[in-house]
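Contents: one structure, followed by commentary.
The values are calculated or read from the model by the stated rules, or taken from the named source; none is laboratory data. Predicted model only: the values in this text are computed from it and were never measured. Note that we place each Cβ from the backbone using ideal geometry, even for glycine, and neighbour counts take in every protein chain shown.
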Amino acid sequence: HQSIWYQCDQDDVFALDGNSLYPSSYSSVKNENIPYSDHRMYMAGRSRFYSEKPYVIKNCIDQRKDIFVAKVKGYFPKSEYNNLLALPPIFRNIEIENKEEVIIEYMYSKAQKHSLPMTKKDRKLTTLLDTNGQFMVFNNYYLWLLIDLGFIITDHKAIADFEKNAAYEPFVRTMMNLRIQAILAGSSKEKFYKLIINASYGNDTLNTEKFGKIKMLDKADTFIAQ
């Protein structure tokens, strides 16, 4: 885990690098520092149900037992701003209008000075203190963390609930033990085992390049799609 903080004449920069946390993200190894789901971060297994009923969504979120993905609206109250402004906790790639009140005077004047186009909207990865008036999707761990930081949900759209899955734990434990042994022996195999763990996290657990192709279909629509 690496963090960088420095100040210059123009602005403040804060950067995070969490690559070394890959094994922790999908191993489901018990850790007392994880306050949720019996101190484990479970992976999502088989789908259990999907619902758009607000009371069902709210119950799943409040009970803090199930693994789910929920679509909600919400915000952090102004009373929490001082605690969160250093690193607003909602990370999102959103469309931003190039207006002075949106991108602040400094950025707006710089863009005008360099004759940059200001009429179109741009997509930017940014950090927020609310859901920007939109429904946004959060997994259970992310949403519980936001709530513990003071996030208030104002509307519930949908939820997909899943069985808990800890299938990657033996694999991660084995690879990490092999990597530790390689480090102690001064072997270059250490990089090989690290690469296996990181590649498996991206290809087998995240698989983000396929997210846009995932659909929730009934039996008839599944037959047609195939």
Self-check item: Residues of segment 135-147 satisfying the condition of being crowded, with 16+ Cβ neighbours inside 10 Å, more than 15 Å from residue 34 (Cβ to Cβ) and of a type in the set (Phe, Trp, Tyr)
Solution: 138
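Restricted to segment 148-160, and to residues that are surrounded by fewer than 16 Cβ atoms within 10 Å (Cβ to Cβ) and not in a loop (DSSP other than H, G, I, E, B), which residue is nearest to the chain's Cα centre (by Cα)?
148
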Self-check item: Within segment 161-177, considering residues that are among the aliphatic types (A, V, I, L, M) and buried (at least 18 other Cβ atoms within 10 Å of the Cβ), the one nearest to the chain's Cα centre (by Cα)
Solution: 172
Quiz item: Which of (1) more than 19 Å from residue 144 (Cα to Cα); (2) at pLDDT 75 or above; (3) in a strand (DSSP E or B) is the odd one out, the single condition residue 86 does not satisfy?
Solution: (3)
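Give the number of residues within segment 46-67 that are more than 16 Å from residue 135 (Cα to Cα) and of a type outside the set (D, E, K, R).
9
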Exercise. Please find, within segment 127-147, the residue that is modelled with the lowest pLDDT out of those that are among the hydrophobic types (A, V, I, L, M, F, W, C) and assigned to a strand (DSSP E or B).
Key: 128
Exercise. Within segment 168-187, work out how many residues are over 19 Å from residue 28 (Cβ atoms) and at pLDDT below 90.
Key: 0
